[in-house]
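Data first, discussion second: the structure below is written as structure tokens.
FYI, it's all coordinate maths here, none of it is from the lab. These numbers were taken from a predicted model, which means no experiment stands behind them. In this analysis, Cβ positions are derived from the backbone assuming ideal geometry, glycine residues included, and neighbour counts consider all displayed protein chains.
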Amino acid sequence: MGGVSACYAFINNDYSWVSRSGSVITVLGLLLTIKHSIFSESRDIHSVVREKNHYAVFAPDRDSDVYKDQTTHAKKIIKDEYLGFFITIIGTIIWGYGDLVGQVIT
């Protein structure tokens with residue numbers, strides 16, 4: 001998205017499109033950050049408790065396969081949240097200052 005907007009901005013000398021792409025990047029980062037909480041299949045606490053592999057419901061033995069599965073799942077969630085947070089920050093910076101790219105280039 002950012003690349004297409006940057007190319008369009010460069011060809012047409014309209015750098016407001018760089019800022020516009022920042023808003024889309026920000027939304028994508030936000031969605032990545034919250035996908036395991038708000039968009040989870042669990043809508044209430046009882047559903048969370050019933051979920052078989054929810055990473056925070058119980059603590060099995062460290063040597064068990066359940067523990068390894070939960071650890072893998074938790075690492076994926078943490079990775080998605082950090083990546084989404086980083087993308088949100090980058091998107092916000094582009095959104096706020098993307099139009100200044102044209103002033104730097106020209």
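Per-residue Cβ neighbour counts within 10 Å put Ile38, Ile94, Ile78 in the sequence Ile38, Ile78, Ile94, beginning with the fewest. Within the range 81-106, find all residues whose amide N lies under 17 Å from a label point positioned 7 Å from the Cα of Phe10 along Cα-to-beta-carbon. The answer is 98-106.
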